[in-house]
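These notes are about the structure you will find just below.
The values are calculated or read from the model by the stated rules, or taken from the named source; none is laboratory data. Everything quoted here is computed from the prediction, not taken from an experiment. Side chains included, ligands, DNA and RNA excluded: accessible areas come from the protein's heavy atoms. Shrake-Rupley method; radii C 1.70, N 1.55, O 1.52, S 1.80 Å.
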Amino acid sequence: QAPRGEGRFFATPVSVYILMVGHAPLAVFFVAIQSGWQTFAISPDHVIKRSSSRMAPKKRPWNVTKLLEQDELLGQVPPASASVSQRTTTLPRVSDDKYDAKVIMGISKNDHGDNWILTTTTISNGFLVLGILVAFCVLLKTYPNVYKRTVVKSESLPEPPAGFYKKVLHYTGWLWNVHMLDADTAIRLAGVDAWMFIEYHKLIRRILLSIGPIIILVLCPLHLIYGMNTVQIDMLSRLGINNLREGSPILWAHVVFVWYVAVLVVAYVIDAQHSFLSIRYKYLETLPAPQCSTVMLENLPKAYRSDQKLEALFKKTFGDDAVEQVYVVRKGRKLSKMCSEMDGVLLSIKIAESEGNHEKAVELKESHKVQIARIEEERARINNAVADNNRFIFSAAGFATFKTRAIMRMAHREQWSEDKSEFVVSLAPHPHDVLYDNLALDPGEQATMRWFGRAWIVQIYLTWLPVIMTLTAFTSYHQVETYLPFIANYCAEYPALRTVLEGMLSSVFLKIFMGLLPTILMGIINEFYALKSATRCQLQIHHWYYIFNIIFVVLVTAIGRSVIVTLKYIVDNPKKLFELLAMSLPSSSHFYLNFMVVGWFGVALESLRMANLFKYQFFRVFLTPAEAKARSEPENPASYGMGARFARTTTNTAIALTFATCSPLMSILAFVYFYVAGMTYKYLLFFVERKKHDLGGEFWVQGLRQTLVGLTIYVLLMTGILLQRASHWIASVVAAGALIVIYVGWLHFENIQWRQRPLLKECESENLTPMVPLDGAVRYVQPDLAEEYYEEKEDEGFAKDVEEGIDEEAPEDDAPSPRHHASSKHSIKA
C-alpha cells in the first residue's frame, strides 16, 4: 500500500527467486520485511494510526536531510551552537522517541536507582547460576545419555584425590574433569576449533585481569574525588567518566589508559596468535589421509571436466606415480534428494513397528522398496553417462589426491590458468564434510546465488528496526485490548496484570526475532552461498552475526531510527562520528553492565540442553536409549553452533573493551562472564556434544580479528569523549594516536602465516609422519554414487553413534541394544 516511488527496494525479486527454489517460509519472512520497510518509509506515526482506523495514511516524503534537520539526528547529536555543558550532560528527545533504535531494543539511559538495579541483577543472576549448577548435577546423574558423550579413559585424566573430596566429586566429578583437561586430550575429543574457543576465553580473562584492577584502583578513586558528585548524578555514574567536569585534568589520565589498553590488547592478541601456530602446525601435520594430500578444484575449464582428462594433466605435470586419485563431481542433485528422503522413511518404519502398527509398517516397507528401485535406476543412468564420457554429467569442480603432501603443496601454490577465476585450487575439507550438491552447481549459478545471499543479509540489516517497530505496534497492549475485550476486563480487575502484559507484549517480537536471527542467517547462507563444506556455514554465521551484534547491540544507541539515516549523516559529516559515539554510548553504560550480568545466566542455561533432553525423552518412547540418543543429537547448529557462540563471545569482548574505562566496573562483571562461559563450554564441547568437523582454528583467527575491531571502537569512543570534554583538542589527538598501534598490530597479525606449515618443516617431517587413513577406505567420492562404500560405512556410522550415546556407568535398563539401525542420511539398504 506504499505510495508509488516510496519504500521500493529489491525485496520482490529476491522473494520470487526464493519461492522458485522452494523456500516459501523464507519468502514469507522476506515479504514481511518488505512490508515493514514500506510502512516505515511512509511514516512511523502511521503504524499506530492504521491499526486504530481504516483511514489511508497521508503521503509524507522520506527525506534524510529534512529528518536530520528536524530531529537533530533524532536528538542524539545536539546542535553545534549548544554549549559544552549541554552536549555532555543531556541527550534531548532520545528517551521520548518511541521509534528510536535503542528504545526499540530496550536500551535505557543511565538514571537514578541503576545501582540498586545492578545490585539486584547481580545477586539474582548469581543465585540463578548456582541453581543451574545444582540442576545440572542432578540431570547428569538422572540422564547420563543426554549429558555425557563418552567416558574418558582413566589414563587420560588424573584421578581425583581420595577421602572426602572423592565423595564430593561423586556428584560434581565433571568439574574435576573440566579442571584437569589438557590440550592434547581436548583436541582428541573435540578438535582444534573447540579447544581454541576455550583458549579465547582464557585470553580475554588474562586481558581483563591485566587492565581491570589497575583501571579500578586508579580511575574509580579519581572519579569519586575529583568528580562533580552532584545530586543529578546517580551513585553508579560517580564511578565512571560521566562524573567528571568539563575540562577536568583527570581526563588526561584517560588518555594514558587508552594507550595502555590498546598496547596491552594488541600485544596479547599477537602473542596468542604466535602461540596458536604450534597447535595449527601440529593439526596440519597429523591430518589423516586422504585429506592431508588432497586439493579441491573449482571452475575447471571444460577441456578438463572428466576424471581421465584431469588425471592425465596431473600425471603429465608431476609424473605417473604422483597421483593417487582424481574425481570430478557429477551432477546428481535428483539422486541426492531421493537418498535424503530415505532417512525419514526408515524412521517411520521404526516408529510403526514400535507402535505395533504392522499394516503401516508393511506399506512403508513396500514404498521403501520402490524408492530403492528408483534410486538404483538413477544411479545407473549417471554411471552410464560417466562411462560414455558425457560432458553434461560432469560439473566444474573436483578433487585430486596425491601420493605425498609435498606434491599437493606444489599443486596448491601453482597458477594453472591465465584467468585467476579459472582452475581455482584450495585445500580440501574433510571427506565427510563436503557438500557435493553445491560443488555440482555451475560457477555462474554460484556467483548469482552469492549475490542474492548478500542482498538478503543487507536487507535484514537495513530493515531490522522497521520490522520490529511494525510488529511491536501491532502487538501493543492497546491493540490486544481492542481485539480481545475480555483481557481489558481482567486487567481492570487486576491492575498488576496489565503491567505484566505491557512489559511482555512490548518486547515479544524483539525476543522472538533475536532468537531466530541465527537460524535465518543459517538458512540464507546454506541456500545462497553455495558453500563447499558444512563447517564453512558456521564460519559465515560467525562473521555476519558478529556484525549484526556490533550494530544492533553495541552501537545501537548511535543508530537512531534507521541505519540508512545514520550512515547518510556520517558520510556527509565524517567528523561527527566521534561526537555521535561520545554522546550516545556513555549515557547507556549502566544497561551494558546489566547486559553482561544477565549473560551469566544465559550462558549457564546452555548447559541444561533442554531441547536435547526433550527430544531424547520423546524418542525414548519408541526407540532404544542408544537410538534415542543418536536422534536427539546434535544441538541446534544455528543457535548453539560454533559460529553463533563465537560471535556472542566476541560481542561481549567488544562490550567489555568499549566500556573498560568509561565504566570501570565492567571489567569485573566481564571477567565473571568469561569464567562461567569457559567452564560451561569446556564441559559441553569435550564431554557432552558430538565432535564436529574441524577447520583447524579458523574461528580463532576470525575471533582475534573481531577483538581488534572491538578495540578500535573503544579508541574511537574515547577520542570522541575527549574531544567533547577535554580542555584542549590535543588530548583527543593523542588518544586517537592509539589507532596507529592497532593498525601496526593488525598488519603484524595478518603477516603471521598460519594457513600452511613452512615448507622446511614439511620436508623434515614428510618421511617421519605416515599418512594414516581414516575409518576404512575413505575417498573423495559422492556418497550417493559409491554403493559399496556406504554399505560398509552405514552400520559403522550408527554404531559409533550408539557407542557415543551410551554411558558406561548407565543403568542396566539403559543398556544399548545389540541391533544396529541403519539411519545414515544417504543409506540405500536398511
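Assorted remarks:
- Order of exposure, largest accessible area first, which applies to E366, E298 with probe 1.4 Å: E366, E298
- 10 Å-binned pair-distance histogram of segment 421-473 (Cα, whole percent): 18, 31, 25, 17, 9, 0
- Annotation: per residue accessible area for segment 354-438 equals 57 Å², rounded to a whole number [probe 1.4 Å, protein chains only].
- Mean-position separation - Cα centroids, segment 248-288 and segment 342-359, in angstrom: 55 Å
- Remark: accessible surface ordering of Y461, Y675, Y260 (largest first) is Y675, Y260, Y461, probe radius 1.4 Å.
- Among H430, H368, the order of accessible area from largest down is H430, H368, computed with a 1.4 Å probe on protein heavy atoms.
- Percent accessible area from carbon and sulfur atoms, segment 298-384, protein chains only, probe 1.4 Å: 48 percent
- Solvent-accessible area, 1.4 Å probe, carbon plus sulfur percent, for segment 558-636: 74 percent
- With every protein chain in place, segment 393-484: carbon and sulfur % of accessible area (1.4 Å): 60 percent
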